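J.: To start, I am sharing the structure in question, which I have written as structure tokens.
What follows is calculated from the coordinates using simple rules that are stated; it is not laboratory data. A quick note: this is a predicted structure, and the numbers were derived from the prediction, not measured. In this analysis, Cβ positions are derived from the backbone assuming ideal geometry, glycine residues included, and neighbour counts consider all displayed protein chains.
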Amino acid sequence: MQFIDLQAQRRRIEAEVDAAVSRVIRDGRYVMGPDVAAFEAVFGRFLGGARVVSCANGTDALALALMALETGPGDAVFVPSFTFIASVQVIPWVGAEPVFVDIDPETYNIDPASLVAAVDKVEAEGRLKPHSVIAVDLFGQPADYPAISEIARAKGLRLIADAAQSVGATLDGKTGVDYADLATTSFFPAKPLGCYGDGGAVASRDEQLADLVESLRVYGKVTPADAAARDFKHDPKYLSLRVGMNSRLDSIQAAILLEKLKIFEDELDRRDAIAARYSERLAQYVSRTPTLIEGARSSWAQYVVEHEERDALAAHLKAQDIPTAVYYPVPVHQQDFCADYPAPVVDLSVTEAKSPRVLALPMHAYLDEAAQDCICDAVADFALAGAA
Ligand SMILES: *Cc1c(COP(=O)(O)O)cnc(C)c1O
């Protein structure tokens, strides 16, 4: 059994993807070709009319967002510790410092009360300037954007939505890009919307901010606003106005994503049905099945349960050829690279309590009922054997 079966999806769209890839190879515009612009337009419409700037991966997308918001030395960036390390590592990239925030025990996303407490602490200490917050849509569920964006407004913080795991997820029909200055995502193959390599994107409803991200994507090139404000003596193509990076989505990956988007809604429906079936069958055998907040639709990047004897359950499933994964075994604030930061300013006890208990079960749109039954039966066996 596969944890995420990418080949099942590949079989479904093999002819279309092969034709799209061959077309790009024949066309020859491998970098920033027409498929990249086409994908950015289509994906922007998918997000309800946002500007999309594609890039090389989800980590670069976060870095581009921080750079566009002029995050730098002396700035505090508030971020959950219960996330993939990329959400945090980009903060020292731009010279700023992460300030960890605890999560809600039911959703694994930023706890708004902990965010307020962390901002107040940083303000009181006075060493760092509260600058921005990176909200993460963990396991595919949108963060509590109405609450977080309200706090950000009240505290004068910029808001970045790390939607690497949540393309397709909504909260009352909206997504992070409707609340945040910038939303970022990843098209890593195992994400809900993945390509056949690395890829990422930044999205915004703010045209000028999107122009700035586009500039930063290629070494700080001239934006339309720059061109309107100044009279350049040289070909703007070879001018650089700010320090940026080189982070581009390959034309081949854009062509593949265009094909994958066509079946994406159907895949989201399938994931929803699988998650509902899991929860119905597993609720009595584990300590916790996933909880969605009111109005939320998850993209089910992961289906995560909690169990007091997580490692023993994982071993029991492995013995029956059922793969599982732990997201995340070590909270980011306990990673070695964070050793030199000052102690967390708020209590991170929910984060620390979750790591030893969480277990992700196989989840992808092509998980059939027989496989699901086999997984659920194995979890039930474990619980019943323990009870006996
Ligand atoms: C995967 C992921 C990233 C990074 O994406 P890459 O494309 O692998 O660089 C960032 N944040 C979160 C929450 C992720 O899950």
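J.: Net charge near T59, counting Lys/Arg +1 and Asp/Glu -1 over other residues with Cβ under 13 Å of its Cβ?
T.: Value of the local net charge: -2.
J.: Using +1 at the Cβ of each Lys and Arg and -1 at the Cβ of each Asp and Glu in the range 289-348, identify which of A339, P323, A312 lies farthest towards the dipole's positive end.
T.: P323
J.: Give me the distance between the Cα centres of the range 16-50 and the range 168-204, rounded to whole Å.
T.: 17 Å
J.: Where does the longest stretch of the chain lie that holds no trypsin sites (Lys or Arg not before Pro) found in a DSSP loop with 12 or fewer other Cβ atoms within 10 Å?
T.: 234-388
J.: How big is the antiparallel share of DSSP beta bridges in the range 47-198, given as a percent to the nearest 5?
T.: Among the beta bridges of the range 47-198, antiparallel pairing accounts for roughly 10 percent.
J.: Given F382, A255, Y145, which one lies farthest toward the positive end of the charge dipole of the chain, if we put +1 on the Cβ of every Lys and Arg and -1 on the Cβ of every Asp and Glu?
T.: So the residue we want is A255.
J.: Rg to Rh for the range 246-382: what is it, with Cα atoms only and Rh by Kirkwood?
T.: 1.04
J.: Here's something else I'd like to know. For A255, what is the net charge nearby, where nearby means another residue's Cβ is under 13 Å from its Cβ and Lys, Arg count +1, Asp, Glu -1?
T.: That sum, taken over residues with Cβ under 13 Å, equals -2.
J.: By the scheme Lys and Arg +1, Asp and Glu -1, what is the net charge of all other residues having a beta-carbon under 14 Å from that of A154?
T.: Combined, the nearby Lys, Arg, Asp and Glu give 0.
J.: To continue, here is another question. Write down the Å³ per residue value for the convex hull defined by the alpha carbon atoms of the range 18-65.
T.: 91 Å³
J.: If you don't mind, another one. At q = 0.09, 0.13, 0.14 Å⁻¹, what is the base-10 log of I(q)/I(0) for the chain according to the Debye formula with one equal point scatterer per Cα and no solvent? Please give it to two decimals.
T.: With one equal scatterer per Cα and no solvent, log10 I(q)/I(0) is -0.54, -1.09, -1.23.
J.: Next question, about the same structure. With +1 on each Lys and Arg Cβ and -1 on each Asp and Glu Cβ, how big is the dipole of the chain about its Cα centre, in debye rounded to the nearest 20?
T.: About 1080 debye.
J.: Taking the inverse of the average 1/r across all pairs of different Cα atoms in the range 177-232, what Kirkwood radius in Å do you get?
T.: Answer for the range 177-232: a Kirkwood hydrodynamic radius of 12.9 Å.
J.: Which of V379, V218 has the fewest other C-beta atoms within 10 Å, and how do the rest follow up to the most?
T.: V218, V379
J.: If the viscosity is 1.567 mPa s and the temperature 4 °C, what Stokes-Einstein diffusion coefficient in µm²/s follows for the range 112-175 when Rh is the Kirkwood radius over Cα pairs?
T.: Rounded to a whole number, D works out at 104 µm²/s.
J.: Pick out which of C376, C55, C338 has the largest mean-square fluctuation in a Gaussian network model of the chain, springs linking Cα atoms closer than 10 Å.
T.: Answer for the Gaussian network model of the chain: C338.
J.: On a full-extension model of 0.36 nm per residue, what is the gain between E16 and W93, subtracting their alpha-carbon distance, rounded to one decimal in nm?
T.: 23.8 nm
J.: Give the separation of the Cα centroids, the range 254-284 to the range 335-373, in Å.
T.: 21 Å
J.: Here's a follow-up. Evaluate the Debye formula for the range 1-106 with equal point scatterers sitting on the alpha carbons, no solvent, and hand back log10 of I(q)/I(0) at q = 0.24 Å⁻¹, in q order, two decimals.
T.: Summing over Cα pairs of the range 1-106 leads to -1.20.
J.: What ranking, highest mean first, results for peptides 325-331, 107-113 when packing means the other Cβ atoms within 10 Å averaged over each residue?
T.: In descending order of packing, they fall as 107-113, 325-331.
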